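The values are calculated or read from the model by the stated rules, or taken from the named source; none is laboratory data. Just so it is clear, the structure is predicted and the values come from calculations on it, not from any experiment. Cβ: placed from backbone, ideal geometry, glycine included. Neighbour counts: every protein chain shown.
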């Protein structure tokens, strides 16, 4: 049985969000459940494609009482590898120009191909995770993400 150090909802988490860009509704659901188990109170926002994600980013600052976006999770095959890599480049360009250049973008895919992993890092990904169909693996991933990106790393303020 997998045990995690599940934190209590805190004011810190309740002010934060993670954007999940995944074209599969089933995978978005699985990932959002894992986020909610590991980071109670954090808002997991799902987007089916790049356009939905950019619309969310553009409107994020307009929302009263908005939550601070801490992380973007982006599927490499959205639905094709080329679209995922193009989306990563567009995110990085948008973040650098309009949002927060240091906002981490974590790529994920079932692919373990060296070429896919290298291509993601070459386009500016901050990390690469191999997908799993096992909920326990996702919980482990997000427990680690919480510990590193939300509790350990100090990020500069948003533009």
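Let me confirm something: among 80, 130, 152, which residue is without any contact (Cβ under 8 Å) to a residue 60 or more places away in the chain, out of contact with any strand residue (DSSP E or B) (no Cβ under 9 Å at 6 or more places or on another chain) and closer than 20 Å to residue 34 by Cβ?
152
In region 5-17, which residues are surrounded by 15 or more Cβ atoms within 10 Å (Cβ to Cβ) and either in a loop (DSSP other than H, G, I, E, B) or at pLDDT 90 or above (or both)?
7, 15, listed by residue number.
Among the residues of region 91-120, count how many are part of a helix (DSSP H, G or I), modelled with pLDDT of 90 or more and under 15 Å from the mean Cα position of the chain (by Cα).
2
Which ones in region 102-127 are free of Cβ contacts under 8 Å to residues at least 24 places away in the same chain, over 12 Å from residue 72 (Cβ atoms) and surrounded by 15 or more Cβ atoms within 10 Å (Cβ to Cβ)?
Selection gives 117 alone.
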